[in-house]
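What follows is a short report on a single structure.
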Amino acid sequence: MIDRFNFYDVYGYLLPGLVLLALLGFPGLLMIEKLPSSELISALAVVTAGYVVGHLTHAFARALFDQERPFAAQISELSVPAKALLERRLAESCDRPVAITDKSVFDICRRVLQDQKRGQLADQFQGMYALTRGLCLAFLAAAPYYVGISLCGLFHPSEIHWGRTIPFLFESFSKIHWGWSIPFLFGFLWLIIAYANRRGELTGPRDGTGVQAAPEGPVGSMGDTSKGQADNSNARRKQGRAQGEPEPVRGDSRPRYERTAAVLTLIAMGATVAIFMPARPNTFEAFLAAVPILLLFSLRMYRVFREQDRNVAKTVLGDFLVAPPPKSPQAADEKKSP
């Protein structure tokens, strides 16, 4: 078990799981007067719980974001000779013809590169992609959870007398510490500015990411962003549509009611937790002020993991199209020798 535990388990499962566990479990610590003893909270128990929660986070994040993965779009950007080269390399690797539109192309390319010991760079990008995607979901899930805690804690629905709802709301508003509105408003303003600033979100990897430059020729057409290359890309898309190739998935096509149900569930969970929390000054206002910051972190992690995903797609496709270095006779003899 430990031998099979690799860096992807740490980046993709453990760290996002620990972050989500900390964000959702922090309000529960306020219900108790003192922390449990070290015998109850051991490092092994925390790591195990974080690893399990990390698997759940990974599954939900994959269902939420994976429809936007750019590998198919990278293939559609290839020139006709590069597509032919890709089909030939796939056929050589699988000993059978494989269509470049097949969903298994990415897995085939990754497996071949790993077998040839050439997938280290893609593995690094994949690990960062999994980490930032999990953190994005953790911060995103904590935001409605804290909203539920704040609303239930500030207005106490159990104390409402429905015959005098409006006076009760005025009394509740008068008890709120409005000083917390300043960090809330500034955080919300920062969130709006960050969302409006889409610089780098839809572009390719920036300099310094470590992505290998594509060689000139058929493969080189996948990395250029000049006007002439863009015109050629549009022409290739039209040619692909004429040949029946599927369009790259764009936008969000998943039913929104599932996400709405998830948000409402998290709000209800937060409201349930707030019922058992002690009514301490500034507590619920602080949770509400943290909501825009959590959304800001989630937005930042979303843009980072999208960038890392493009790095993965470009690196895997570029390395797969480049012929592997020939094996030396000495290495082959050493491998055959007992």
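The values are calculated or read from the model by the stated rules, or taken from the named source; none is laboratory data. Being a predicted model, the structure only gives us computed values, none of them experimental. All Cβ positions, glycine included, derive from the backbone under ideal geometry; neighbour counts span all protein chains shown.
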Has the stretch 301-311 got at least one residue that is closer than 19 Å to Pro144 by Cα and surrounded by fewer than 19 Cβ atoms within 10 Å (Cβ to Cβ)? no
Of these, Pro292, Pro325, Pro281, Pro329, which one is of a type outside the set (Lys, Arg) and modelled with pLDDT of 80 or more? Pro292
Could you grab me the full set of residues in the stretch 85-136 that are without any contact (Cβ under 8 Å) to a residue 24 or more places away in the chain, in a helix (DSSP H, G or I) and of a type in the set (Gly, Ala, Ser)? Ala91, Ser93
Kindly check whether there is at least one residue in the stretch 81-100 that is surrounded by fewer than 22 Cβ atoms within 10 Å (Cβ to Cβ), among the hydroxyl-bearing types (Ser, Thr, Tyr) and modelled with pLDDT under 85. no
Criterion: at pLDDT below 80, within 30 Å of Phe287 (Cα to Cα), surrounded by 12 or more Cβ atoms within 10 Å (Cβ to Cβ) and not small (Gly, Ala, Ser) - qualifying residue of Leu15, Leu40, Leu30, Leu64: Leu30
